[in-house]
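Visitor: Once you've had a glance at the structure underneath, I'll fire off some questions.
The values are calculated or read from the model by the stated rules, or taken from the named source; none is laboratory data. Just so it is clear, the structure is predicted and the values come from calculations on it, not from any experiment. Quick reminder, even Gly has a Cβ in these numbers, built from the backbone with ideal geometry, and neighbours come from all protein chains shown. Just the protein is used for accessible areas: all its heavy atoms, side chains included, with ligands, DNA and RNA removed. Shrake-Rupley method; radii C 1.70, N 1.55, O 1.52, S 1.80 Å.
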Amino acid sequence: MKKKLLLIQPTPYDSSGSLIKRRKLYFVGLALPLLAALTPEAWEIELALETIEEVDLETDAQVIGISSMGHSVIRAIELAKEYRNRGKTVIMGGYMVSLMAEEAGQYCDAVVIGDAEGVWRELLLDWEAGQLKKIYRAELDSLENLPLPRYDLLTDKAIGDFLPVQAGRGCPHSCSFCSVHCLYRGKYLKRSIPEVIRDIKYVKSLGYNRFLLLDDNIVSDEGYMLELVREIAKLKMQWFSQCDITAANNPVLLKALKDSGCLVLSFGLESISQESLDSLNKAWAKVQHYPDQIQRIRQAGIEVSTEMVVGTDADTEESILATANFIAANKISVPRFYILTPIPGTDLFNQLRSEGRICNENIYSYNGTEAVHVPARMSPQQLTKAYWELYNRVYSWTSIIKRTLLTRNFLANPIQQLFYFLVNLKYRQDIRKGIPPNII
């Protein structure tokens, strides 16, 4: 019998209930191409990125694998129901499903909790034998000997001019709101440097001169990172990633990052209030050092992007809106914000539930753009209003121009700064439609 697998990366819904669609998707996930590479050769595989293409509900694939990143979980469950009604075997995975496996199990035939690499072949063999289990879980203690991802399943799609590569997973920090901490609990798993370089070289052989290092925190092990970027430098490529702000404290690493072709790093600053950081179990980050750290990173020739949360017990409407002044003063090129959200399974969720402060029990509406808990110093409605007002202030025309075009970096790299300007315009367009600017 012909065996066929359809892997789907669903798209979220916008605030009006319409599926978010794009002509091009720049940030593409790595999980599905990697699972495809782990699938036995006897299987035919299709991969669908719903943000840029239609999902085939009439597919002849017997097995449907659906990821569950962020608030696309609503669409993931909807697709799972539809395919099961059509007699398909549905497998769900990803961090949202992993954090609420029992709930997700109502809508599919099997749930993969955590990293799928350790169970994927077993799962498919069980399906072939008619012995599929409801739950598959195997905690990885190594990322060695991973196969080359099936990039060929991506390259003919409307994606950007870079592909994802991964060096490590997890993070040594224990921020209470973070799903990464919930899944890895302080572990940081590293791939061997030769295997990472193998993947990057293959990406380059496909004609790509850029790649996204798709790690949770690339400076979790500074010695490893320094060795890796020195190898990357030999490939003469450009790349970007995310990490914690303490990277600014290591001038040797910063120089090596720049010399290796690193263009931009994204940092989870979370808040301009130290009290907020302390309450999130992130006291290792110091707000008073942020401006100096940002300046050091820029002086090294690396652009800065940020992610922040609003809605801690230390926040007020005034402090949230004051965040716009911090963004302006530090000329953050691409800032993103999220309402502090108690994702089920995280320490924050357990805390707020025990305190009776979760005001919205519909976990499938948890999208980071609407308050679902009761903050200490404002109402949920006031928090949601302040969040969108913050976004509108930060993405006003004046703010965009000052942060992207009227900077010293514009003279050094006008093409790159113009790109950030265009990204800001796209984000502005989304915000005015009530869409959070995180689907690009």
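Visitor: Go through region 11-118 and name the trypsin sites (Lys or Arg not before Pro) that are in a DSSP coil and have 10 or fewer other Cβ atoms within 10 Å of their Cβ.
Guide: 23
Visitor: Would region 127-249 count as rounded, prolate or oblate if I go by the C-alpha gyration tensor, calling it rounded below 1.5 in a/c and otherwise prolate when a/b exceeds b/c, oblate otherwise?
Guide: oblate
Visitor: ³J(HN,Hα) across region 96-113 via Karplus (A = 6.51, B = -1.76, C = 1.60, θ = phi - 60°), whole Hz, x for Gly/Pro?
Guide: 5, 5, 4, 7, 9, 4, 4, 5, 5, x, 5, 10, 9, 8, 8, 10, 9, 9
Visitor: Please identify every one of the GluC sites (Glu not before Pro) in region 338-440 that sits in a loop by DSSP and has no more than 10 other beta carbons within 10 Å of its own beta carbon.
Guide: 355, 361
Visitor: Another question, then. Starting at the first residue of region 330-339, write each ³J(HN,Hα) from the Karplus equation 6.51 cos²θ - 1.76 cosθ + 1.60 with θ = phi - 60°, in whole Hz, x for Gly and Pro.
Guide: In residue order, the calculated couplings are 9, 6, 5, 5, 9, x, 10, 9, 9, 6 Hz.
Visitor: Which peptide among 344-352, 202-210 comes first, and what is the full order, when sorted by highest mean count of other Cβ atoms within 10 Å?
Guide: So the order, starting with the most tightly packed, is 344-352, 202-210.
Visitor: When Cα extents along the principal axes in Å is calculated directly from the model, which label among (1) 75, 42, 35; (2) 81, 47, 38; (3) 63, 54, 38 fits?
Guide: Computed from these coordinates, Cα extents along the principal axes in Å corresponds to label (3).
Visitor: Over region 1-70, with every protein chain in place, what whole percent of the accessible area is carbon and sulfur at 1.4 Å, could you tell me?
Guide: Of all accessible area on region 1-70, carbon and sulfur atoms account for 52 percent.
Visitor: Now for a separate question. Please report the equivalent ellipsoid semi-axes of region 184-267, computed as sqrt(5 x eigenvalue) of the Cα gyration tensor, largest first, in whole Å.
Guide: Here the semi-axes work out to 20, 15, 12 Å.
Visitor: Then there's this: Principal axis lengths of region 1-62 from Cα atoms, whole Å, largest first?
Guide: 43, 25, 16
Visitor: Over region 132-253, what percent of the accessible surface lies on carbon and sulfur atoms, probe 1.4 Å?
Guide: Solvent-exposed carbon and sulfur of region 132-253 make up 50 percent of the total.
Visitor: So, one more: Under 17 Å Cα-Cα from residue 2, which aspartates and glutamates qualify once same-chain neighbours fewer than 8 residues away are excluded?
Guide: Qualifying aspartates and glutamates at Cα under 17 Å: 41, 44, 46, 58, 60, 126, 128.
Visitor: Calculate how many DSSP beta bridges within the chain are antiparallel, expressed in % of all such bridges and rounded to the nearest 5.
Guide: Once the DSSP bridges in the chain are tallied, antiparallel ones form about 10 percent.
Visitor: Roughly how much of residue 176 is accessible, in Å² to the nearest 10, using a 1.4 Å probe?
Guide: For residue 176, solvent-accessible area is about 10 Å².
Visitor: What are the residues whose amide H is under 5 Å from the amide H of residue 305, where those residues sit 5 or more places off or on another chain and H is modelled from the backbone?
Guide: Residues meeting the criterion, in which the H sits 1.01 Å from N, are 265, 266, 267.
Visitor: Next up: Sorted by packing (mean other beta-carbon atoms within 10 Å per residue), highest first, where do 225-231, 214-220, 46-52 land?
Guide: Ranking, from highest mean packing down: 214-220, 46-52, 225-231.
Visitor: So who's got an amide H within less than 5 Å of the one on residue 373, skipping anything under 5 residues away but keeping other chains? H placed 1.01 Å off N, in plane.
Guide: For residue 373, whose amide H was placed from the backbone, the distant partners under 5 Å are 359.
Visitor: Considering amide H positions built from the backbone, and no H for Pro or chain starts, which residues 5 or more places from residue 48, or on another chain, come under 5 Å of its amide H?
Guide: 7, 8, 9
Visitor: On a 22 Å Cα-Cα criterion, which of the cross-link pairs 204/234; 134/190; 81/385; 204/426 come out too long?
Guide: Violating the 22 Å Cα-Cα cut-off are 134/190; 81/385; 204/426.
Visitor: Okay, moving on. How large is the dipole of the chain about the Cα centre if only Lys and Arg carry +1 and Asp and Glu carry -1, each at its Cβ, rounded to the nearest 20 debye?
Guide: Rounded to the nearest 20 debye, it is 1340 debye.
Visitor: How much area per residue is accessible in region 1-78 when the probe is 1.4 Å and only protein heavy atoms are counted (Å²)?
Guide: With the other protein chains kept in place, region 1-78 gives 42 Å² per residue.
Visitor: To the nearest 20 debye, what charge dipole does region 61-112 have about its Cα centre, counting +1 at the Cβ of each Lys and Arg and -1 at the Cβ of each Asp and Glu?
Guide: 200 debye
Visitor: Could you state the number of Å between the C-alpha centres of region 232-288 and region 338-416?
Guide: Region 338-416 and region 232-288 have Cα centres spaced 20 Å from each other.
Visitor: Compute the Cα gyration tensor for region 261-342, then decide on rounded, prolate or oblate, letting a ≥ b ≥ c be the square roots of its eigenvalues: rounded whenever a/c is under 1.5, prolate when a/b is larger than b/c in the other cases, and oblate in all that remain.
Guide: In terms of gyration-tensor shape, prolate.
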